[in-house]
Amino acid sequence: MQVTVLGATGRTGIHVVRMLAARGHTVRAGLRSRKRAEVLQGLDVRPVVADVTADPDDLVEAFKNSDVVVNTIGAPDPEPESVNLVDRDGGITAIRAAEKAGVPRFVQLSAQFADSPDQGDRLVRSILFAKQVSDSVLRKSALTWTIVRPGTLTDEPGTGRVKAARHLEPGRIARADVAAVLVGVLAEPLTENRGFDVVSGDFPVAPALAVLD
């Protein structure tokens with residue numbers, strides 16, 4: 001499977017890239033700039049420039065022949081201007097580019113409460129509203145989609161165990177475990193055209209995804 005990962009050198013994206021490569025997938029690592037390619041040294045992946053804030057036609061070219069696009073991009077700070085540029089408008093640009101490039105499937109990293117921002121933490125509400133918009137565009141697109149809404153992200157070591165459901169109580173989850181879910185959905189038909197929350201839990205990723213409600 002040929003997979004293009006947006007935000008490939010980010011704190012979650014790098015885990016996704018490593019896991020995909022370890023499973024034998026052909027991986028295009030999407031970068032805002034080739035200056036970031038050094039982070040990928042030693043990995044069996046192909047760096048490509050895929051800047052969601054630049055020329056959309058360049059993004060279409062980066063996506064060509066991909067079986068899946070996994071979008072892990074996120075604004076570097078919660079300021080509305082930055083969040084709207086990257087998480088909202090950039091996400092929409094990526095979705096439209098994937099449609100134009102003929103990509104069959106799109107997996108989006110969102111956030112818990114992005115489907116109901118008013119219930120989320122006030123400190124990150126700008127992010128939730130931005131992701132709500134791009135998630136909505138993805139659901140209405142021509143793509144087979146999956147939206148993964150993790151709880152509060154941590155940089156702790158992954159446990160390989162999660163809890164996943166349409167909606168969950170607020171929780172935390174290691175970025176490595178979120179990455180395992182983003183990779184795991186590619187092999188689980190139940191996740192197609194579905195959005196769900198995920199937090200740290202007691203079940204290995206594959207069984208947790210196989211019983212989504």
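Points worth noting:
- Screening the candidates LEU20, LEU43 for the property of being in contact with a strand residue (DSSP E or B) (Cβ under 8 Å, 6 or more places away or on another chain), within 24 Å of VAL205 (Cα to Cα), among the aliphatic types (A, V, I, L, M) and in contact (Cβ under 8 Å) with a residue 40 or more places away in the chain yields one hit, LEU20.
- Residue check, ASP57 over 26 Å from ASP177 (Cα atoms), surrounded by fewer than 16 Cβ atoms within 10 Å (Cβ to Cβ) and not polar (S, T, N, Q): yes
- In region 66-100, of all residues being in contact (Cβ under 8 Å) with a residue 40 or more places away in the chain and among the hydroxyl-bearing types (Ser, Thr, Tyr), the one that is nearest to GLN2 (Cα to Cα) corresponds to SER66.
- Total residues in region 162-213 satisfying the condition of being free of Cβ contacts under 8 Å to residues at least 40 places away in the same chain, assigned to a strand (DSSP E or B) and surrounded by fewer than 23 Cβ atoms within 10 Å (Cβ to Cβ): the figure is 2.
- Residue check for LEU128: over 14 Å from SER200 (Cα atoms), modelled with pLDDT under 95 and of a type outside the set (Gly, Ala, Ser): yes
- Residue list for region 2-44, restricted to those being modelled with pLDDT of 95 or more, more than 16 Å from the chain's Cα centre (by Cα) and of a type in the set (Val, Ile, Thr): THR26
- Among the residues of region 115-166, those that are closer than 23 Å to LEU186 by Cβ, of a type in the set (Ser, Thr, Tyr) and touching a helix residue (DSSP H, G or I) at 6+ places or on another chain (Cβ under 8 Å) comprise SER134, SER141, THR146, THR159.
- Restricting region 63-84 to residues that are out of contact with any Phe, Trp or Tyr (no Cβ under 8 Å at 6 or more places or on another chain) and among the polar types (S, T, N, Q), the residue that is nearest to SER126 (Cα to Cα) is ASN84.
The values are calculated or read from the model by the stated rules, or taken from the named source; none is laboratory data. Remember, it's a predicted structure, so these values are computed and weren't measured experimentally. For neighbour counting, all protein chains shown are included, and Cβ atoms are generated from backbone atoms with ideal geometry for every residue, glycine included.
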